[in-house]
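Have a look at the structure below before the remarks.
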Amino acid sequence: MNFSRLAKLIRQSKRVYVIGNGGSAANASHMVNDLIARGVKAYALTDPAIISMLANDYGYAEIFARQIAVYGEEEDLLIALSGSGKSRNILEAISTAQALNMQVCGVFGDFGAPVDEWTINAGKDMQKAEEEQLHLCHYLWRVLG
């Protein structure tokens, strides 16, 4: 992934949505904090009340896709974080964002994510994937400042 091009894409996007589960959800919140501090309209789609409602009403696989379907627009960016790289809810959100012609990037564990040039594949080590997520977060903090 070309981080400089990603920083430019973030500046050009109307809104940035960041998603993740577990430690990646914490990294999503951290990234959004840093992006907001740099003046980016960024949102972590990790609110527990919203997630529990969506999981209850539609199933856990839909917790991010439903939010993207409601909020997402063509000039928005989805940043998807997944330590394992196998989370169905992440894949569903990516698919929904792509259907809306949103840009999508991600930092994942080892799997064939449908995200093309904007993907960091961190290998089979979940901790390495989460480290790469924070590396991207802190890089963006510096570059967008």
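Compute the Cα gyration tensor for the chain, then decide on rounded, prolate or oblate, letting a ≥ b ≥ c be the square roots of its eigenvalues: rounded whenever a/c is under 1.5, prolate when a/b is larger than b/c in the other cases, and oblate in all that remain. Taking the square roots of the gyration eigenvalues as a ≥ b ≥ c, the chain is rounded.
Between rounded, prolate and oblate, where does the range 30-79 land on the alpha carbon gyration tensor, with a ≥ b ≥ c its root eigenvalues, rounded for a/c under 1.5, else prolate if a/b exceeds b/c? Could the numbers behind the result be given before it?
On the way: a/c = 3.26, a/b = 1.69, b/c = 1.94.
Since a/c reaches 1.5 but b/c is at least a/b, the shape of the range 30-79 is classed as oblate.
Largest GNM mean-square fluctuation across 104, 40, 16, computed for the chain with C-alpha springs under 10 Å, falls on 40.
Accessible-area rank, largest first, for 18, 143: 143, 18, with all protein chains present and a 1.4 angstrom probe.
Could you work out what % of the accessible surface of the range 1-94 is carbon and sulfur, using a 1.4 angstrom probe and leaving DNA, RNA and ligands out of the count?
For the range 1-94, the apolar C and S fraction of the accessible surface comes to 48 percent.
Considering only beta bridges that DSSP places wholly inside the chain, some 0 percent are antiparallel. Taking all protein chains together, 66, 142 sort by accessible area into 142, 66, largest first [probe 1.4 Å].
Shape call for the range 1-71 from the C-alpha gyration tensor, a ≥ b ≥ c root eigenvalues: rounded (a/c under 1.5), prolate (a/b greater than b/c) or oblate? Mind dumping the intermediate values first?
Working: a/c = 2.24, a/b = 1.94, b/c = 1.15.
It comes out prolate by the Cα gyration axes.
A 1.4 Å probe run over the chain, with the rest of the protein chains in place, finds 48 Å² accessible per residue.
The values are calculated or read from the model by the stated rules, or taken from the named source; none is laboratory data. These numbers were taken from a predicted model, which means no experiment stands behind them. Areas reflect the complete protein model, heavy atoms only, side chains present, ligands, DNA and RNA absent. Shrake-Rupley method; radii C 1.70, N 1.55, O 1.52, S 1.80 Å.
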